[in-house]
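The values are calculated or read from the model by the stated rules, or taken from the named source; none is laboratory data. Bear in mind that the values here come from a model prediction, so they are computed numbers and not experimental data. For neighbour counting, all protein chains shown are included, and Cβ atoms are generated from backbone atoms with ideal geometry for every residue, glycine included.
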There are 2 protein chains.
Amino acid sequence: MRTLKYAILGLLNQNDMSGYDMSEAFGETLNEFWHAKHSQIYPELKKLTDEGMVMAEEDETSNRSRKVYHITNKGREDFMAWLGKDEDLPETPKDIFRLRVFFFSRLPMDTRRKLMDSQKLAHELRLRHLESNKQAKGFNQNIPAKDDDAWGDYLVLMSAIMREEMMIDWCNRCLELMK
Amino acid sequence: MRTLKYAILGLLNQNDMSGYDMSEAFGETLNEFWHAKHSQIYPELKKLTDEGMVMAEEDETSNRSRKVYHITNKGREDFMAWLGKDEDLPETPKDIFRLRVFFFSRLPMDTRRKLMDSQKLAHELRLRHLESNKQAKGFNQNIPAKDDDAWGDYLVLMSAIMREEMMIDWCNRCLELMK
DNA sequence: TTACTCATGTAAAGAGTTACATGATTGC
DNA sequence: GCAATCATGTAACTCTTTACATGAGTAA
(Lines give C-alpha, C1' and ligand atoms only; values in the text may rest on other atoms or scores of the structure.)
Protein backbone atom coordinates (compact mmCIF):
# COMPACT_ATOMS: atom_id res chain seq x y z
CA MET A 1 0.00 0.00 0.00
CA ARG A 2 3.00 2.27 0.51
CA THR A 3 1.22 4.61 2.87
CA LEU A 4 4.46 6.23 4.02
CA LYS A 5 4.97 7.30 0.42
CA TYR A 6 1.68 9.21 0.48
CA ALA A 7 2.31 10.68 3.91
CA ILE A 8 5.58 12.09 2.57
CA LEU A 9 4.06 13.31 -0.70
CA GLY A 10 1.25 14.94 1.25
CA LEU A 11 3.66 16.85 3.45
CA LEU A 12 5.70 17.94 0.42
CA ASN A 13 2.50 18.97 -1.33
CA GLN A 14 2.00 21.46 1.53
CA ASN A 15 5.60 22.67 1.88
CA ASP A 16 9.10 21.91 0.65
CA MET A 17 11.06 20.30 3.45
CA SER A 18 13.95 18.04 4.40
CA GLY A 19 13.85 14.50 5.76
CA TYR A 20 14.62 15.91 9.15
CA ASP A 21 11.66 18.28 8.95
CA MET A 22 9.45 15.30 8.14
CA SER A 23 10.60 13.40 11.21
CA GLU A 24 9.58 16.45 13.18
CA ALA A 25 6.20 16.71 11.46
CA PHE A 26 5.61 13.03 12.27
CA GLY A 27 6.49 13.85 15.86
CA GLU A 28 4.11 16.78 16.17
CA THR A 29 0.74 17.35 14.52
CA LEU A 30 0.54 14.23 12.42
CA ASN A 31 1.87 12.11 15.25
CA GLU A 32 -1.61 11.23 16.47
CA PHE A 33 -2.30 9.20 13.33
CA TRP A 34 0.95 8.65 11.50
CA HIS A 35 4.61 8.47 12.35
CA ALA A 36 7.90 7.18 10.96
CA LYS A 37 11.50 7.10 12.13
CA HIS A 38 14.24 8.80 10.14
CA SER A 39 15.64 5.36 9.28
CA GLN A 40 12.49 4.75 7.28
CA ILE A 41 12.11 8.27 5.88
CA TYR A 42 15.52 8.67 4.26
CA PRO A 43 15.40 5.46 2.22
CA GLU A 44 11.82 6.25 1.14
CA LEU A 45 12.90 9.72 -0.04
CA LYS A 46 15.67 8.11 -2.05
CA LYS A 47 13.19 5.72 -3.62
CA LEU A 48 10.74 8.54 -4.40
CA THR A 49 13.56 10.47 -6.04
CA ASP A 50 14.40 7.47 -8.24
CA GLU A 51 10.73 7.20 -9.15
CA GLY A 52 10.56 10.88 -10.12
CA MET A 53 7.97 11.73 -7.48
CA VAL A 54 10.18 14.22 -5.62
CA MET A 55 13.35 16.22 -6.29
CA ALA A 56 16.07 17.24 -3.87
CA GLU A 57 18.37 20.23 -3.79
CA GLU A 58 21.02 21.33 -1.36
CA ASP A 59 19.77 24.03 0.95
CA GLU A 60 22.16 26.96 0.34
CA THR A 61 20.43 29.31 2.77
CA SER A 62 21.36 27.10 5.71
CA ASN A 63 24.90 26.81 7.00
CA ARG A 64 24.24 23.17 7.79
CA SER A 65 24.26 20.59 5.02
CA ARG A 66 20.63 19.71 4.41
CA LYS A 67 18.66 18.50 1.42
CA VAL A 68 15.34 20.17 0.74
CA TYR A 69 12.81 18.12 -1.19
CA HIS A 70 9.97 19.32 -3.37
CA ILE A 71 7.21 17.38 -5.05
CA THR A 72 7.12 16.93 -8.86
CA ASN A 73 4.02 17.10 -11.05
CA LYS A 74 4.11 13.32 -11.32
CA GLY A 75 4.27 13.07 -7.53
CA ARG A 76 1.39 15.49 -7.11
CA GLU A 77 -0.81 13.58 -9.55
CA ASP A 78 -0.08 10.32 -7.81
CA PHE A 79 -0.79 11.86 -4.42
CA MET A 80 -4.08 13.43 -5.50
CA ALA A 81 -5.25 10.12 -6.99
CA TRP A 82 -4.55 8.42 -3.65
CA LEU A 83 -6.11 11.23 -1.61
CA GLY A 84 -9.52 10.99 -3.29
CA LYS A 85 -9.67 7.19 -3.29
CA ASP A 86 -12.26 5.50 -1.10
CA GLU A 87 -10.69 2.46 0.56
CA ASP A 88 -12.23 -0.29 2.70
CA LEU A 89 -11.81 0.02 6.45
CA PRO A 90 -8.67 -1.84 7.46
CA GLU A 91 -8.82 -4.34 10.31
CA THR A 92 -9.06 -2.64 13.69
CA PRO A 93 -5.64 -1.66 15.00
CA LYS A 94 -3.93 -3.85 17.55
CA ASP A 95 -4.02 -2.69 21.14
CA ILE A 96 -1.85 -4.37 23.73
CA PHE A 97 -3.65 -2.94 26.72
CA ARG A 98 -7.03 -4.17 25.57
CA LEU A 99 -5.50 -7.55 24.78
CA ARG A 100 -4.37 -7.58 28.41
CA VAL A 101 -7.85 -6.64 29.60
CA PHE A 102 -9.27 -9.53 27.60
CA PHE A 103 -7.36 -11.83 29.98
CA PHE A 104 -8.04 -9.76 33.12
CA SER A 105 -10.15 -12.38 34.93
CA ARG A 106 -6.91 -14.21 35.77
CA LEU A 107 -5.51 -11.29 37.78
CA PRO A 108 -6.30 -10.36 41.38
CA MET A 109 -8.71 -7.42 41.60
CA ASP A 110 -6.20 -4.93 43.01
CA THR A 111 -3.77 -5.57 40.14
CA ARG A 112 -6.56 -5.03 37.62
CA ARG A 113 -7.45 -1.77 39.31
CA LYS A 114 -3.84 -0.62 39.39
CA LEU A 115 -3.35 -1.32 35.69
CA MET A 116 -6.60 0.40 34.80
CA ASP A 117 -5.76 3.44 36.93
CA SER A 118 -2.39 3.74 35.28
CA GLN A 119 -3.96 3.47 31.84
CA LYS A 120 -6.48 6.16 32.69
CA LEU A 121 -3.76 8.48 33.93
CA ALA A 122 -1.72 8.00 30.76
CA HIS A 123 -4.73 8.93 28.61
CA GLU A 124 -5.49 11.93 30.80
CA LEU A 125 -1.94 13.18 30.26
CA ARG A 126 -2.27 12.67 26.54
CA LEU A 127 -5.58 14.51 26.53
CA ARG A 128 -4.10 17.48 28.38
CA HIS A 129 -1.27 17.57 25.88
CA LEU A 130 -3.74 17.59 22.99
CA GLU A 131 -5.82 20.34 24.60
CA SER A 132 -2.76 22.53 25.01
CA ASN A 133 -1.86 21.88 21.36
CA LYS A 134 -5.35 22.98 20.39
CA GLN A 135 -4.96 26.12 22.47
CA ALA A 136 -1.50 26.84 21.00
CA LYS A 137 -2.79 26.54 17.45
CA GLY A 138 -5.58 28.99 18.20
CA PHE A 139 -8.29 26.45 17.40
CA ASN A 140 -10.17 27.46 20.54
CA GLN A 141 -10.57 31.00 19.14
CA ASN A 142 -11.31 30.25 15.51
CA ILE A 143 -11.79 27.27 13.24
CA PRO A 144 -9.51 27.28 10.15
CA ALA A 145 -11.03 28.03 6.73
CA LYS A 146 -12.09 25.02 4.67
CA ASP A 147 -9.33 25.52 2.08
CA ASP A 148 -6.61 26.13 4.67
CA ASP A 149 -4.12 23.28 5.28
CA ALA A 150 -4.85 23.76 8.98
CA TRP A 151 -8.41 22.58 8.37
CA GLY A 152 -7.35 18.92 8.17
CA ASP A 153 -5.10 19.46 11.15
CA TYR A 154 -8.11 20.75 13.07
CA LEU A 155 -10.35 17.76 12.23
CA VAL A 156 -7.64 15.29 13.10
CA LEU A 157 -6.83 17.00 16.38
CA MET A 158 -10.53 16.99 17.25
CA SER A 159 -10.58 13.26 16.53
CA ALA A 160 -7.57 12.61 18.74
CA ILE A 161 -9.22 14.50 21.60
CA MET A 162 -12.43 12.52 21.17
CA ARG A 163 -10.47 9.28 21.18
CA GLU A 164 -8.71 10.15 24.45
CA GLU A 165 -11.97 11.23 26.06
CA MET A 166 -13.54 7.94 25.01
CA MET A 167 -10.63 5.97 26.47
CA ILE A 168 -10.91 7.80 29.79
CA ASP A 169 -14.64 7.21 29.78
CA TRP A 170 -14.08 3.50 29.18
CA CYS A 171 -11.49 3.31 31.98
CA ASN A 172 -13.98 4.93 34.34
CA ARG A 173 -16.70 2.48 33.41
CA CYS A 174 -14.32 -0.44 33.92
CA LEU A 175 -13.24 0.91 37.32
CA GLU A 176 -16.93 1.23 38.22
CA LEU A 177 -17.40 -2.46 37.40
CA MET A 178 -14.41 -3.39 39.57
CA LYS A 179 -15.90 -2.01 42.75
CA MET B 1 8.02 -7.40 22.53
CA ARG B 2 6.60 -10.67 21.21
CA THR B 3 2.99 -9.76 21.87
CA LEU B 4 1.71 -12.57 19.67
CA LYS B 5 3.43 -14.97 22.05
CA TYR B 6 1.35 -13.64 24.95
CA ALA B 7 -1.86 -13.56 22.95
CA ILE B 8 -1.33 -17.26 22.23
CA LEU B 9 -0.34 -18.14 25.79
CA GLY B 10 -3.37 -16.23 27.06
CA LEU B 11 -5.72 -18.21 24.86
CA LEU B 12 -4.08 -21.50 25.89
CA ASN B 13 -4.33 -20.44 29.51
CA GLN B 14 -8.10 -20.35 29.03
CA ASN B 15 -8.49 -23.52 26.94
CA ASP B 16 -6.41 -26.09 25.12
CA MET B 17 -6.72 -25.53 21.41
CA SER B 18 -5.15 -25.99 17.98
CA GLY B 19 -3.52 -23.37 15.76
CA TYR B 20 -6.65 -23.40 13.67
CA ASP B 21 -8.81 -22.66 16.72
CA MET B 22 -6.57 -19.69 17.46
CA SER B 23 -7.02 -18.23 13.99
CA GLU B 24 -10.72 -18.46 14.64
CA ALA B 25 -10.44 -16.81 18.06
CA PHE B 26 -8.46 -13.99 16.44
CA GLY B 27 -11.24 -13.68 13.92
CA GLU B 28 -14.03 -13.49 16.45
CA THR B 29 -14.01 -12.02 19.94
CA LEU B 30 -10.42 -10.92 20.15
CA ASN B 31 -10.51 -9.57 16.62
CA GLU B 32 -11.35 -6.06 17.76
CA PHE B 33 -7.94 -5.66 19.39
CA TRP B 34 -5.71 -8.45 18.20
CA HIS B 35 -5.44 -10.68 15.18
CA ALA B 36 -2.93 -12.90 13.40
CA LYS B 37 -2.93 -15.00 10.24
CA HIS B 38 -2.28 -18.72 10.39
CA SER B 39 1.03 -18.13 8.63
CA GLN B 40 2.19 -16.28 11.72
CA ILE B 41 0.53 -18.54 14.29
CA TYR B 42 2.00 -21.89 13.22
CA PRO B 43 5.64 -20.79 13.30
CA GLU B 44 5.08 -19.07 16.65
CA LEU B 45 3.57 -22.26 18.10
CA LYS B 46 6.62 -24.16 16.92
CA LYS B 47 8.90 -21.62 18.58
CA LEU B 48 6.90 -21.74 21.82
CA THR B 49 7.16 -25.53 21.79
CA ASP B 50 10.95 -25.29 21.42
CA GLU B 51 11.01 -22.85 24.32
CA GLY B 52 8.98 -25.18 26.52
CA MET B 53 6.10 -22.74 26.89
CA VAL B 54 3.51 -25.01 25.27
CA MET B 55 3.14 -28.69 24.44
CA ALA B 56 1.34 -30.31 21.51
CA GLU B 57 -0.39 -33.63 21.18
CA GLU B 58 -2.27 -35.25 18.34
CA ASP B 59 -5.99 -34.96 18.82
CA GLU B 60 -7.21 -38.58 18.86
CA THR B 61 -10.85 -37.68 19.43
CA SER B 62 -11.06 -35.97 16.06
CA ASN B 63 -10.99 -37.86 12.77
CA ARG B 64 -9.04 -35.00 11.25
CA SER B 65 -5.32 -34.67 11.90
CA ARG B 66 -5.02 -31.79 14.32
CA LYS B 67 -2.54 -30.82 16.98
CA VAL B 68 -3.96 -29.62 20.26
CA TYR B 69 -1.70 -27.38 22.31
CA HIS B 70 -1.69 -26.85 26.04
CA ILE B 71 0.27 -24.41 28.14
CA THR B 72 3.09 -25.61 30.43
CA ASN B 73 3.81 -24.31 33.93
CA LYS B 74 6.72 -22.34 32.51
CA GLY B 75 4.42 -20.83 29.90
CA ARG B 76 1.83 -19.94 32.50
CA GLU B 77 4.39 -18.23 34.73
CA ASP B 78 5.72 -16.23 31.82
CA PHE B 79 2.20 -15.25 30.75
CA MET B 80 1.13 -14.18 34.25
CA ALA B 81 4.27 -12.05 34.63
CA TRP B 82 3.43 -10.30 31.35
CA LEU B 83 -0.26 -9.94 32.22
CA GLY B 84 0.34 -8.02 35.43
CA LYS B 85 3.06 -5.77 34.02
CA ASP B 86 2.31 -2.07 33.65
CA GLU B 87 3.72 -0.85 30.35
CA ASP B 88 3.99 2.65 28.90
CA LEU B 89 1.36 3.67 26.37
CA PRO B 90 2.64 2.83 22.90
CA GLU B 91 2.56 5.47 20.18
CA THR B 92 -0.95 6.05 18.89
CA PRO B 93 -1.86 3.53 16.19
CA LYS B 94 -1.62 4.54 12.57
CA ASP B 95 -4.83 5.40 10.80
CA ILE B 96 -4.89 5.81 7.04
CA PHE B 97 -8.26 7.52 6.89
CA ARG B 98 -7.28 10.19 9.38
CA LEU B 99 -3.99 10.66 7.52
CA ARG B 100 -6.14 11.32 4.46
CA VAL B 101 -8.30 13.80 6.38
CA PHE B 102 -5.16 15.63 7.46
CA PHE B 103 -4.68 16.51 3.77
CA PHE B 104 -8.39 17.10 3.04
CA SER B 105 -8.11 20.82 2.25
CA ARG B 106 -6.68 19.85 -1.17
CA LEU B 107 -9.85 18.00 -2.20
CA PRO B 108 -13.06 19.48 -3.62
CA MET B 109 -15.81 19.65 -0.99
CA ASP B 110 -18.06 17.01 -2.56
CA THR B 111 -15.21 14.47 -2.60
CA ARG B 112 -14.50 15.18 1.06
CA ARG B 113 -18.16 14.65 1.87
CA LYS B 114 -18.33 11.43 -0.12
CA LEU B 115 -15.28 9.98 1.63
CA MET B 116 -16.57 11.00 5.04
CA ASP B 117 -20.04 9.54 4.35
CA SER B 118 -18.49 6.28 3.29
CA GLN B 119 -16.33 6.18 6.40
CA LYS B 120 -19.33 6.84 8.60
CA LEU B 121 -21.31 4.05 6.95
CA ALA B 122 -18.46 1.58 7.44
CA HIS B 123 -18.31 2.37 11.15
CA GLU B 124 -22.08 2.11 11.45
CA LEU B 125 -21.93 -1.38 9.96
CA ARG B 126 -19.17 -2.34 12.33
CA LEU B 127 -21.16 -1.00 15.28
CA ARG B 128 -24.23 -2.98 14.29
CA HIS B 129 -22.08 -6.09 14.04
CA LEU B 130 -20.68 -5.47 17.53
CA GLU B 131 -24.14 -4.86 18.98
CA SER B 132 -25.38 -8.14 17.58
CA ASN B 133 -22.33 -9.89 19.05
CA LYS B 134 -23.18 -8.38 22.40
CA GLN B 135 -26.74 -9.59 22.08
CA ALA B 136 -25.61 -13.09 21.02
CA LYS B 137 -23.30 -13.39 24.01
CA GLY B 138 -26.11 -12.46 26.35
CA PHE B 139 -24.28 -9.39 27.63
CA ASN B 140 -27.48 -7.36 27.30
CA GLN B 141 -29.18 -9.61 29.85
CA ASN B 142 -26.38 -10.10 32.35
CA ILE B 143 -22.82 -8.98 32.93
CA PRO B 144 -20.33 -11.87 33.40
CA ALA B 145 -18.92 -12.55 36.87
CA LYS B 146 -15.59 -10.91 37.69
CA ASP B 147 -13.69 -14.22 37.72
CA ASP B 148 -15.29 -15.51 34.51
CA ASP B 149 -13.15 -15.45 31.35
CA ALA B 150 -16.07 -13.73 29.66
CA TRP B 151 -15.53 -10.73 31.93
CA GLY B 152 -12.54 -9.51 29.89
CA ASP B 153 -14.46 -10.24 26.72
CA TYR B 154 -17.27 -8.03 28.00
CA LEU B 155 -15.00 -5.07 28.81
CA VAL B 156 -13.24 -5.29 25.48
CA LEU B 157 -16.49 -5.53 23.56
CA MET B 158 -17.79 -2.49 25.44
CA SER B 159 -14.62 -0.66 24.44
CA ALA B 160 -15.03 -1.60 20.77
CA ILE B 161 -18.59 -0.31 20.80
CA MET B 162 -17.52 2.95 22.40
CA ARG B 163 -14.80 3.35 19.79
CA GLU B 164 -17.23 2.90 16.91
CA GLU B 165 -19.73 5.30 18.48
CA MET B 166 -16.96 7.86 18.86
CA MET B 167 -15.92 7.46 15.22
CA ILE B 168 -19.50 7.95 14.03
CA ASP B 169 -19.81 10.98 16.28
CA TRP B 170 -16.62 12.42 14.80
CA CYS B 171 -17.80 11.78 11.23
CA ASN B 172 -21.03 13.61 12.03
CA ARG B 173 -19.17 16.59 13.43
CA CYS B 174 -16.94 16.71 10.37
CA LEU B 175 -19.94 16.52 8.05
CA GLU B 176 -21.50 19.38 10.02
CA LEU B 177 -18.38 21.47 9.37
CA MET B 178 -18.55 20.70 5.65
CA LYS B 179 -21.96 22.24 5.18
C1' DT C 1 35.40 21.53 25.81
C1' DT C 2 31.49 19.42 26.44
C1' DA C 3 26.83 18.51 25.74
C1' DC C 4 22.99 19.24 22.73
C1' DT C 5 20.59 19.74 18.54
C1' DC C 6 20.68 19.46 13.59
C1' DA C 7 21.29 16.40 9.86
C1' DT C 8 21.84 12.16 7.03
C1' DG C 9 22.56 7.77 6.27
C1' DT C 10 23.02 2.05 6.64
C1' DA C 11 22.41 -2.72 8.74
C1' DA C 12 20.14 -6.13 11.08
C1' DA C 13 16.34 -7.97 13.15
C1' DG C 14 11.44 -8.46 14.17
C1' DA C 15 6.53 -8.22 12.90
C1' DG C 16 3.09 -8.93 9.60
C1' DT C 17 0.92 -9.95 4.99
C1' DT C 18 0.39 -12.40 0.69
C1' DA C 19 1.13 -16.17 -1.93
C1' DC C 20 2.34 -20.91 -2.52
C1' DA C 21 1.37 -25.70 -1.27
C1' DT C 22 -0.87 -29.84 0.37
C1' DG C 23 -4.31 -33.09 2.01
C1' DA C 24 -8.41 -34.88 4.51
C1' DT C 25 -13.40 -34.55 5.62
C1' DT C 26 -18.12 -33.09 5.16
C1' DG C 27 -22.37 -31.94 2.95
C1' DC C 28 -24.90 -31.38 -1.32
C1' DG D 1 -18.17 -35.63 -8.09
C1' DC D 2 -17.62 -30.93 -6.36
C1' DA D 3 -17.34 -27.21 -3.35
C1' DA D 4 -16.64 -25.75 1.21
C1' DT D 5 -14.47 -26.20 5.43
C1' DC D 6 -10.94 -28.08 8.38
C1' DA D 7 -6.14 -28.31 9.05
C1' DT D 8 -1.12 -27.38 8.73
C1' DG D 9 2.74 -25.70 6.97
C1' DT D 10 6.64 -22.71 4.11
C1' DA D 11 8.55 -18.76 1.23
C1' DA D 12 8.92 -14.26 -0.21
C1' DC D 13 8.09 -9.78 0.56
C1' DT D 14 6.89 -5.43 2.95
C1' DC D 15 6.88 -2.60 6.83
C1' DT D 16 8.83 -1.01 11.09
C1' DT D 17 12.05 -0.69 14.86
C1' DT D 18 16.56 -0.71 17.03
C1' DA D 19 21.12 -0.14 16.69
C1' DC D 20 25.22 1.39 14.40
C1' DA D 21 27.69 5.34 12.33
C1' DT D 22 29.17 9.91 11.18
C1' DG D 23 29.76 14.88 11.12
C1' DA D 24 28.84 19.80 11.64
C1' DG D 25 27.00 23.83 14.24
C1' DT D 26 25.50 26.06 18.73
C1' DA D 27 25.39 27.46 23.38
C1' DA D 28 27.00 26.96 28.20
Exercise. Does B:A122 meet the test of being surrounded by 15 or more Cβ atoms within 10 Å (Cβ to Cβ) and assigned to a loop (DSSP other than H, G, I, E, B)?
Worked result: no
For this session: Assess whether A:L125 counts as being at pLDDT 95 or above, hydrophobic (A, V, I, L, M, F, W, C) and out of contact with any helix residue (DSSP H, G or I) (no Cβ under 7 Å at 6 or more places or on another chain).
Result: yes
Problem set entry | Counted residues, segment B:26-50 - those being more than 12 Å from DNA strand D (Cβ to nearest atom) and in contact (Cβ under 8 Å) with a residue 12 or more places away in the chain | 6
For this session: Quick one: in segment B:18-40, of everything that is more than 11 Å from A:T92 (Cα to Cα) and of a type in the set (D, E), which residue is surrounded by the fewest Cβ atoms within 10 Å (Cβ to Cβ)?
Result: B:E28
Exercise. Which number in (1) away from DNA strand C (no atom under 13 Å from the Cβ); (2) touching a His at 6+ places or on another chain (Cβ under 8 Å); (3) β-branched (V, I, T) marks the one condition that A:T29 misses?
Worked result: (2)
Seminar exercise, completed: Within segment A:51-80, residues being more than 16 Å from DNA strand D (Cβ to nearest atom) and within 14 Å of another protein chain (Cβ to nearest Cβ) number 5
Exercise. Which one is nearest to the other protein chains (Cβ to nearest Cβ) among residues in segment A:2-25 that are out of contact with any helix residue (DSSP H, G or I) (no Cβ under 8 Å at 6 or more places or on another chain) and within 13 Å of DNA strand D (Cβ to nearest atom)?
Worked result: A:R2
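Looking only at segment A:81-110, count every residue that is part of a helix (DSSP H, G or I), closer than 23 Å to B:I96 by Cα and at the interface with chain B (Cβ under 7 Å from one of its Cβ atoms) and tell me the total.
4
Yes/no matrix, rows are residues, columns are (1) within 16 Å of DNA strand C (Cβ to nearest atom); (2) of a type in the set (D, E, K, R):
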residue: B:N63; (1), (2): yes, no
residue: B:Y69; (1), (2): no, no
residue: B:R76; (1), (2): no, yes
residue: B:G84; (1), (2): no, no
residue: B:D88; (1), (2): no, yes
residue: B:D95; (1), (2): yes, yes
residue: B:R98; (1), (2): no, yes
Exercise. Can you tell me which of B:R64, B:R163, B:R128 is surrounded by fewer than 15 Cβ atoms within 10 Å (Cβ to Cβ), among the basic types (K, R) and under 18 Å from the mean Cα position of the chain (by Cα)?
Worked result: B:R128
Exercise. Which one of the conditions (1) within 13 Å of DNA strand C (Cβ to nearest atom); (2) surrounded by fewer than 17 Cβ atoms within 10 Å (Cβ to Cβ) does B:L48 fail to meet, given that it meets all the rest?
Worked result: (2)
For this session: Go through the residues of segment B:94-112 one by one and say whether even a single one is in contact with a His (Cβ under 8 Å, 6 or more places away or on another chain) and under 30 Å from A:A81 (Cβ atoms).
Result: yes
Exercise. Is there a residue in segment B:140-154 that is under 16 Å from the mean Cα position of the chain (by Cα) and either hydroxyl-bearing (S, T, Y) or under 30 Å from A:L4 (Cβ atoms) (or both)?
Worked result: yes
